[in-house]
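Below is one structure, written out as structure tokens; the observations come after it.
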Amino acid sequence: MFLDRVKIWVRAGDGGDGAATFRQEAHVPRGGPDGGDGGRGGSVYLRVDAGQTTLRDFNHRHHFKAKPGGRGTKARRHGKAGDDLILDVPPGTAVYDDESGALVADLVAVGQSSMVARGGRGGLGNTHFKTSTHQAPKHAQKGEPGAESWIRLELRLIADVGLVGLPNAGKSTILDAMTAATPKIAAYPFTTLEPNLGVLDLDDERRPTIADVPGLIEGASSGAGLGHAFLRHVERTRILVHVVDGAGRDPEWDYDVIREELRAHDPLLLEKPILVAFNKVDLPAAADAWPAFRQARAAEGVETIAISAALGEGLPGFRERIGEMLPDAAEMEAPPEPSGVVVHRIEAMGDGFSVELDGDGAFRVRGARIERIAAQTNFDVEESAERFQRALAKYGIETELRRAGIVAGDTVRLGGTELEWEAQPWDRT
């Protein structure tokens with residue numbers, strides 16, 4: 001099965017908790033704090049693997065989670081970092097944030113990878129909070145929660161040549177005749193229900209790939225028929241071969257329909273080098289229509305070639321012409337090849353915040369920094385809760401909550417943390 005679109009949930013590992021321990025050894029009466037830091041949580045990466053051709057590995061499993069970091073321990077021993085989770089995807093995979101629709105990464109080169117969920121930082125042990133006036137801190141940070149999100153993966157085939165045309169125009173027959181691909185072929189519309197790839201041997205050590213996408217119909221760009229789901233597969237091709245059924249009811253109409261659907265999907269598609277293959281010229285109707293069709297395309301400056309994929313007529317010249325067009329197309333179209341790790345959506349940890357009222361009357365505080373501080377605070381330790389209170393005062397959040405009318409007993413939410421407002425101190429609900 002060819003699977004080219006899927007939605008998955010990814011969650012990075014939480015950072016490990018820092019330790020609040022004290023050195024206890026004979027002859028060391030004032031050992032002081034010695035709690036180690038927690039380990040960083042594992043991150044989730046997508047990596048391009050040449051062995052992958054579809055997204056079928058995500059067909060039955062949609063939830064993926066990296067390993068958490070280990071807890072810090074005494075004697076300043078830091079927790080082990082959580083293992084990263086690497087998910088292999090085929091070349092040509094575009095990654096979108098499912099909520100916003102924003103492009104997160106465009107993975108095209110083998111070995112290229114993108115972090116899609118960052119692991120949480122490990123909490124600091126109590127050794128970090130010792131000061132000249134506070135020699136025995138009991139406060140240590142909890143690990144930061146790992147990032148999580150729903151993402152959408154969409155595969156756009158990476159091929160040198162894209163075959164486009166109406167159903168039953170003969171694209172699959174061309175692919176079968178010119179490559180080692182064996183697409184299923186029959187004489188009825190929409191035979192091709194998924195893209196097929198083949199490799200063209202040009203006899204000069206070049207072996208470009210050809211993609212045959214399901215036939216388009218009028219209105220495909222706006223969702224009609226089967227072809228609309230596959231239009232994106234021709235976006236990355238270097239040249240387009242527009243296959244026209246010369247024996248059809250109206251080759252001119254067929255030609256205009258496909259041109260319009262390509263333009264409606266993405267006008268840049270019509271800026272690619274295009275070769276029109278007038279197919280089935282062995283049939284009388286096509287032979288009669290060919291001279292007028294060729295003359296009309298010549299007036300437009302569009303190159304055409306007459307072939308019969310079923311009988312092999314014109315295919316050697318067709319193959320040769322594709323080979324001649326590819327070098328120029330490569331020079332115009334080939335983007336710089338990306339490499340290494342691509343990281344997107346790194347949010348600045350600013351001090352900004354907002355206070356909103358939830359539907360149940362609770363106060364919702366939003367802000368990247370204060371939400372992280374809340375997530376890393378152990379409210380069961382009085383010293384830690386007091387540090388959090390000081391953070392609320394420092395960033396002006398306490399003042400804003402009072403201005404919003406908060407009273408004792410009200411609920412305050414910060415990310416996944418929920419607190420009950422008290423005069424002194426706060427209690428976690």
Under 21 Å from LYS138, Cα to Cα: lysines that are on another chain or at least 8 residues apart: LYS74, LYS130
Under Karplus coefficients 6.51, -1.76 and 1.60, residue-wise ³J(HN,Hα) of the stretch 75-84 in Hz, glycine/proline x: 6, 6, 7, 7, x, 6, 5, x, 5, 5
ARG364 long-range amide H proximity, modeled H, under 5 Å: GLU356, LEU357, ASP358, ARG413
Reachable lysines from LYS280, criterion Cα separation under 19 angstrom, eight or more residues apart if same chain: LYS171, LYS184
Peptide ranges 386-392, 78-84 listed from the most packed, as the mean C-beta count within 10 angstrom indicates: 78-84, 386-392
Built amide H within the under 5 Å cut-off of THR93, gap 5+: LEU107, ARG156
Karplus-derived 3J(HN,Hα), 6.51/-1.76/1.60, for each residue of the stretch 302-314, Hz, glycine and proline x: 9, 7, 10, 8, 9, 9, 10, 5, 5, 9, x, 5, x
Set of aspartates and glutamates near LYS142 by C-alpha distance (under 18 Å), chain-local residues within fewer than 8 positions excluded: ASP14, ASP17, ASP34, ASP37, GLU371, ASP380, GLU382, GLU383, GLU386, GLU418, ASP427
Rh by Kirkwood over Cα pairs, then Stokes-Einstein D for the stretch 354-428 at 0.890 mPa s and 25 °C, µm²/s: 201 µm²/s
Relative contact order %, the stretch 21-152, counting alpha carbon pairs below 8 Å whose residues are six or more apart: 31 percent
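Read-outs: derived from the displayed coordinates by stated rules, not from any lab. Since this is a predicted model, take the numbers as computed values, not measurements. No Cβ is skipped: glycine too gets one built from the backbone with ideal geometry, and neighbour counts run over all protein chains shown.
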